[in-house]
Amino acid sequence: MLTFLAFCARAQDAEVRPPFVATPEEAVDRMLALAKVGAGDFVIDLGSGDGRIVIAAARKFGARGLGVDLDASLVALSREKADEAGVGALARFEERDVLKTDLSSASVVTIYLLPSLVDQLQPKLLGELQPGSRIVAHAFPMVGWKPDRRESLRIAAPRGAQSGESELFLWIVPAQVRGPWRVEGWQMRVHQNFQEIEIELARDGRPMTVERARLEGREFEFSGPGVSFRGRMADEAITGVMVAGGESMAMTWTRP
Ligand SMILES: C[S@@+](CC[C@H](N)C(=O)[O-])C[C@H]1O[C@@H](n2cnc3c(N)ncnc32)[C@H](O)[C@@H]1O
């Protein structure tokens, strides 16, 4: 039997839309857990099939959600299933192209789509989602953007074209912190590649060593010998607490 992956390889060449292949229920649960979906979230499933991801997010966590799919019959089926599950008010479905879907209100986006479509979506995801939003993909990762987490899940009873294993990927949208920053007496330059950062730090013009730096959404921290900072990026400022030479000080970095 032609597997979904093999079909996708062929579909990539032929520029055709792949069929609806559902994410197995245990993988849906794991995707929602990876994204830490809660009642405050708005989940968008891009290419929502029978609506199972958005419906599960509403049913299990009380999250609002939107599923979009090009296939009108799947959109109608999803609406029926949402009503049957009693979550019709939380889980909406629309017939729409994923590339024409406004993502700005989502805090979680889920994807199980062809690699070529995933590639086209990457600039939209980075441009429209707020820092700290989570993206979870099934089967196909984004090229060039290293996932924050990656998992393989054994599927107990794979169906039809499904393989016995689901690959899942999580990304947390990083704040844009690249470039120079200053606060009185301190200078910092951040080098950024998605969520990976390196820091050049100086105090009164004297370089200091930074050995570890981490960016997760808006949360920003670094440390080195005798120095550590932990803060949060918002409104073009990074506000937090610096500990240096045994002294702790509140600090707000701004762009020069
Ligand atoms: C592999 S299925 C995944 C379904 C569901 N997200 C899940 O994980 O169970 C992909 C779905 O994306 C839809 N799709 C493919 N290209 C699309 C596009 N450009 N815009 C909207 N939906 C699309 C297909 O109709 C199909 O239902």
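Coordinate-derived values only; no laboratory data. Only a predicted model underlies this, so the values are computations on that prediction, with no experimental measurement involved. All Cβ positions, even for glycine, are placed from backbone atoms using ideal geometry, and neighbour counts span all protein chains on display.
Numbers at a glance
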{"read-out": "Point-charge dipole on Cβ atoms (K/R +1, D/E -1) for segment 4-172, about Cα centre, debye to 20", "value": "400"}
{"read-out": "Choice from Gly246, Gly224, Gly38 showing the highest fluctuation, given a GNM over the chain with Cα pairs closer than 10 Å", "value": "Gly246"}
{"read-out": "Most positive-pole-ward Cα, Phe140, Ala63, Thr101, against dipole of segment 4-172 from beta carbon charges", "value": "Ala63"}
{"read-out": "Highest-fluctuation residue, Gly49, Gly88, Gly144 considered, GNM on the chain with Cα pairs under 10 Å", "value": "Gly144"}
{"read-out": "Stokes-Einstein D for segment 4-172, Kirkwood Rh over Cα pairs, 37 °C, 0.692 mPa s (µm²/s)", "value": "207"}
{"read-out": "Cleavage-rule hits, trypsin sites (Lys or Arg not before Pro), segment 138-170, DSSP coil, Cβ neighbours within 10 Å at most 14", "value": "Arg159"}
{"read-out": "Set of lysines near Lys60 by C-alpha distance (under 17 Å), chain-local residues within fewer than 8 positions excluded", "value": "Lys36, Lys81"}
{"read-out": "Neighbourhood charge, 9 Å Cβ-Cβ cut-off, centred on Gly179 and excluding it, Lys, Arg +1 and Asp, Glu -1", "value": "+3"}
{"read-out": "Alpha carbon centroid spacing (whole Å) that separates segment 33-58 from segment 199-256", "value": "35"}
{"read-out": "Dipole of the chain, positive end: most advanced residue of Ser73, Val54, Thr254 [Cβ charges, Cα centre]", "value": "Thr254"}
{"read-out": "Dipole-positive endmost among Ile197, Leu117, Gly38 within the chain (Cβ charges, Cα centre)", "value": "Ile197"}
{"read-out": "Loop sites in segment 180-256: GluC sites (Glu not before Pro), DSSP, at most 15 other Cβ within 10 Å", "value": "Glu184, Glu211, Glu236"}
{"read-out": "Calculated [θ] (222 nm, deg cm²/dmol) that DSSP helices of n ≥ 4 give over the chain, each run adding -39,500 (n - 2.57)", "value": "-7000 deg cm²/dmol"}
{"read-out": "Charge tally in the Cβ shell below 12 Å around Gly38, where Lys, Arg are +1 and Asp, Glu are -1, Gly38 excluded", "value": "+3"}
{"read-out": "Note, ³J(HN,Hα) from phi for segment 75-91, Karplus 6.51, -1.76, 1.60, rounded to Hz, x at Gly and Pro", "value": "5, 5, 4, 4, 4, 4, 5, 5, 5, 4, 7, x, 10, x, 7, 9, 10"}
{"read-out": "Set of aspartates and glutamates near Lys146 by C-alpha distance (under 15 Å), chain-local residues within fewer than 8 positions excluded", "value": "Asp119, Glu167, Glu196, Glu216"}
